[in-house]
Amino acid sequence: MARRYDSRTTIFSPEGRLYQIEYAMEAISHAGTVLGVLAKDGVVLAAEKKVTGKLLDLSSAKDGGYGGSGEKIYLLNSNVIGGVAGLTADANSLVNYARTAAQRHLLQYNEDIPVELLAQRLCDMKQGYTQFGGLRPFGVSLLYAGYDPHYQFQLYHSDPSGNYSGWKATCIGANNGTAQSLLKQEYKDDILVKDAIGLVLRTMSKTMDSTTLNSEKLEFAVLTLDPETKRPNAKIYRPAEIDALLLSEGLTKQDDDTEMKAT
Amino acid sequence: MSIMDHNGGSVIAMVGKDCVAIASDLRLGDRALSISSNFQRIFPITDRIYVGLPGLGTDVATLRERFRFRVNMYTIKEEREIEPETFAHLVSSTLYEHRFGPYFIEPVMAGMSKTPSGGYKPFIAATDLIGCLNFAKDFVVAGTASSKLYGVAEGLWEPDLEPEDLFETISQTLLNAADRDAFSGWGAIVHIITKDKIITRTLKGRMD
């Protein structure tokens, strides 16, 4: 009988739950992990890519653009980076909505959109699908790593129900519970970006099921302030830069294939 | 008197050898009364594109912001900078969207566009207030002094001018045309765009 309350997204079950929303959140907890850490002088984001394969054309990611392979981490505005977990197609639609919302704010107020306001704009839309019937909710959770002059660096999380919250360090997607308890142990309030990068990568390597950590499996981004202009500097790492970073952090594990070749 | 002449001001763009120039006067008026002698109506779009917006002052500010919106969306989606030809069509479509209640602006664009071989070639264009594009090989003019600018530019411009010679040509053209127009003048600003740098100079003019 419980199934009767599954079909419509906007109908409460007798226990007072919205099943479709819970299913959407369940789907996200199987998606690639996205992890964010708020530091004193910046925000660090990392994401696990699930879709990989020899034949996948990644040539566009190597040169040009803002870096990254554009699967999990996106530039939402000059002051906000977004990390997505869930249905990729839904995420693309939300990223486009966020970028337009940010530009509309710039047009109206001639200033970059505050991070919380951008999260609110998306959540207003996401919430709509939990109340007005007929359509399924967005199957996407997002992390927003951003900067605005009033509240400085911020890290937000939003889920399919339209809830959002600010975090010092958080994680969405597969194994988010493990990652969150690891972060809880290791996070320090006055952590700096250079230490946060290490924390993020170490936590990622522990939660990801693959043994090798490399640019094929990982996306990485850092938001800092430019020391001269005092404007936010959103850097999404290119695949080559990720491999270099992993090497310098001592996290490149031995690949099975290279061992085979060596013998 | 047309609303196009309400605030006054003129813009001109010229092609040189591996460079382009765009220049404008600095006057903002209220009919015959001058309000400002430092009104900027030329704006950078990318490192290699400038746009001049002669016409109604309030629409200068509005259009500048609308172009920023659309160029930012283009840049973030395409993950590269917009090319001058593409930007010209962006300007044209933005203006034509308001075909029956137009912005009172006649934009002038100048930039260096990438060639398939990896080099750069000069590009200039202008549109009327509803976005009809005019791609010229020599020079484009717009604003209250446009009729005078045509005359002086026809006389002074020649092909393949080096950046410094182009600067002299566009400056003399603008200053002399503005002197024959009561709604333009009060100094000028000139930008010379080459493939690797931009030279910006502010000129003094007759203050009457």
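The values are calculated or read from the model by the stated rules, or taken from the named source; none is laboratory data. The structure presented is a predicted model; accordingly, all values stated were derived computationally and were not measured. Methodologically, a virtual Cβ is constructed for each residue, glycine included, from the backbone with ideal geometry; neighbour enumeration extends over all protein chains shown. What goes into the accessible areas is simple: the full protein's heavy atoms, side chains included, and nothing from ligands, DNA or RNA. Shrake-Rupley method; radii C 1.70, N 1.55, O 1.52, S 1.80 Å.
What the table below lists for this structure:
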| item | result |
| --- | --- |
| Listing of the stretch A:98-142 residues, each with accessible area lower by at least 50 Å² in the full protein assembly than in the chain alone (probe 1.4 Å) | A:R99, A:Q103, A:L107 |
| Neighbour cut-off at most 15 other Cβ (10 Å), DSSP loop, chymotrypsin sites (Phe, Trp or Tyr not before Pro), the stretch A:107-170 | A:F132, A:Y151 |
| Alpha carbon centroid spacing (whole Å) that separates the stretch B:20-69 from the stretch B:146-190 | 17 Å |
| Compactness relative to 2.2 N^0.38 Å, alpha carbon Rg of the protein assembly as shown | 1.20 |
| Furthest towards positive pole of dipole, A:L107, A:Q185, A:A221, structure part chain A, Cβ charges | A:L107 |
| FRET efficiency for B:T58 and A:M125, using Cβ-Cβ distance with R0 set to 25 Å, rounded to 0.05 | 0.15 |
| Average beta-carbon neighbours from other chains, 10 Å sphere, peptide A:218-224 | 0 |
| Rounded FRET efficiency, nearest 0.05, which uses the C-beta distance separating A:N233 from B:K77 and R0 of 25 Å | 0.75 |
| Count of Lys pairs (Cα-Cα under 16 Å; at least 8 positions apart or interchain) in the stretch B:3-203 | 10 |
| Per-pair calculated FRET efficiency, R0 = 35 Å: A:T178 and A:D6 via Cβ, rounded to 0.05 | 0.75 |
| Burial order of peptide ranges B:179-190, B:101-112, A:19-30 (average beta-carbon count within 10 Å, highest first) | B:101-112, B:179-190, A:19-30 |
| From phi via Karplus (6.51, -1.76, 1.60), per-residue ³J(HN,Hα) for the stretch A:158-166 in Hz, x at Gly/Pro | 10, 10, x, 6, x, 6, 9, 8, x |
| Assigned charges on the beta-carbon of Lys, Arg, Asp, Glu; the protein assembly as shown dipole about Cα centre (debye) | 960 debye |
| Per-residue SASA entry for B:M207, accessible area with 1.4 Å probe, Å² rounded to 10 | 120 Å² |
| Size of the B/A contact, given as accessible area buried on both chains, probe 1.4 Å, in Å² | 1100 Å² |
| Tail beyond 21 Å, pair distance distribution of the stretch B:129-208 (Cα, percent) | 32 percent |
| Projected area, mean over directions - chain A, Cα convex hull, nm² | 17.0 nm² |
| The stretch B:8-78 - charge dipole about Cα centre, Lys and Arg +1 at Cβ, Asp and Glu -1, debye rounded to 20 | 100 debye |
| Charge-dipole axis of the stretch B:3-203 as Lys and Arg at +1 and Asp and Glu at -1 on Cβ define it, positive-most pick from B:G131, B:W157, B:T94 | B:T94 |
| Check: the stretch B:49-208 dipole with +1 on Lys, Arg Cβ and -1 on Asp, Glu Cβ, in debye | 460 debye |
| Column: log10 I(q)/I(0), Debye, Cα scatterers of the stretch B:3-203, q = 0.08, 0.12, 0.18, 0.19 Å⁻¹ | -0.23, -0.53, -1.22, -1.35 |
| Cα-based reach from A:K40 at 29 Å (exclusive), listing lysines while leaving out same-chain residues under 8 positions away | A:K49, A:K72, A:K168, A:K184, A:K188, A:K194, A:K206, A:K217, A:K230, A:K235 |
| Helical contribution to [θ] at 222 nm, DSSP H n ≥ 4, -39,500 (n - 2.57), averaged over chain A, rounded to 500 | -11000 deg cm²/dmol |
| Stretch gain in nm, segment B:D196-B:S36, where the contour uses 0.36 nm per residue and the Cα spacing is subtracted | 54.3 nm |
| Chain B, helix-only ellipticity at 222 nm - DSSP H runs n ≥ 4, -39,500 (n - 2.57), divided by all residues, nearest 500 | -10000 deg cm²/dmol |
| A:E186 paired with B:F100, simple spin-label distance in nm, labels 7 Å along Cα-to-beta-carbon | 6.3 nm |
